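Step one of this worksheet: look at the structure below.
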Amino acid sequence: MTASTTKNSISVPDEYLHVLCDPCRFSGKTTVAMKYCRDCNGHLCPNCVNTHIRVSNTKNHHMSYIINKKNNFVTTALTTTTADLVYGTAAQKALEAKCVDHGKPVVSFCALHDALCCRVCIGTGHRECKLQILSEAANGSRDGKEIRGIETVIKRLQARFEDIQRDKQTNLQHLGHQNDTFSGAIKTYRRTVNNVLDKLEQNLVKKQDRHFETKVEELRGCLKTCQSAISVLNGSLNKLDIATRQGDEQQLFMTIKKVQAITKRYEKIYADVDKLPRNYAFHFIPELLLGSMIGSYIDAPKRGGAYD
């Protein structure tokens, strides 16, 4: 084994990076272990080693370096002097356990509430509780039963969160696909609406042209009839005037009867012409047309079942 040491740092070979610190692992952290305590039968990171050698109950424990060779743990004992040299300043920066509620150092354990307590906790929520000092509460922690139970719970929770994570990842991907599909559907729908509007415009223009041509032909026919009637009636007046002034009674009688026949015929023609509209105008109301047309298309995606 080779490891270069300086006053404030340590170079650790790659084969060391296979063992996690037990105290950190139990608190939810994943810190690489550097040493093995033969008295506690546990693996420790530099910070936990520093705490270990400062606590009165464990400061005289024997610790060794950890090496992993082909998955077989081998330990090499270090003297106290070497340990102090190896960890140096890193040991001085070790963090104490903090209360999760108040951020103060933990000083005792409440078995009734199964909680680590700082001095603020003791003075607030645990005044009537029977508290234990940490070293007494920690006795028997390495019997394995509680550790295995916690590990089982953690693994079960991890598996559950992994299931949710996979499910939500799938949901996220599916949502992205849905968004892309929806964007494409909007563009397709826009093209469909444009096509419908184009066809609607073409149909309206054709109807407009037919309506215009029909009304123009109708008006021109009416104008032609009126012009013809005025001319014929004017001629009848002239014939009646001539017959009155120049003809004999028989000739006048015949003229009167012809003029009367013409007058009756044009009275009927006038009655037909008078039935035609007096005013001609286009009445275009797009709201009614578009409302019914777009309403029928706007429901098409729902009927198709493309979206929920």
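The values are calculated or read from the model by the stated rules, or taken from the named source; none is laboratory data. Nothing here was measured: the structure is a model prediction, and the numbers come from that model. Heads up, the Cβs are rebuilt from the backbone with ideal geometry, glycines too, and the neighbour counts pull from every protein chain shown. All accessible areas refer to the heavy atoms of the entire protein, side chains included, with ligands and DNA or RNA removed. Shrake-Rupley method; radii C 1.70, N 1.55, O 1.52, S 1.80 Å.
Data overview
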read-out	value
Cut-off 15 Å between beta-carbons: net charge of the residues surrounding Asn279, Lys and Arg +1, Asp and Glu -1	+1
Base-10 log of normalised Debye intensity for the stretch 97-147 (one unit scatterer per alpha-carbon) at q = 0.26 Å⁻¹	-0.99
Spin-label pair Gln208/Tyr270, simplified geometry with 7 Å Cα→Cβ offset, distance in nm	3.9 nm
Heavy atoms of Val153: accessible area, 1.4 Å probe, square angstrom to 10	60 Å²
Taking the convex hull of Cα positions in the stretch 133-226, its mean projected area over all directions (nm²)	13.0 nm²
Solvent-accessible surface (1.4 angstrom probe) belonging to Ile186, in square angstrom, nearest 10	90 Å²
Exceeding the 27 Å Cα-Cα cut-off - candidates Lys98/Lys145; Lys207/Lys268; Lys224/Lys275	Lys207/Lys268
Residue-level accessible surface for Thr31, protein heavy atoms, 1.4 Å, Å²	40 Å²
Separation of the Ser228 and Leu200 label points, Cα + 7 Å toward Cβ, nm	4.4 nm
Separation in nanometres of the label points that stand 7 Å from Cα toward Cβ, at Ile147 and Thr124	3.3 nm
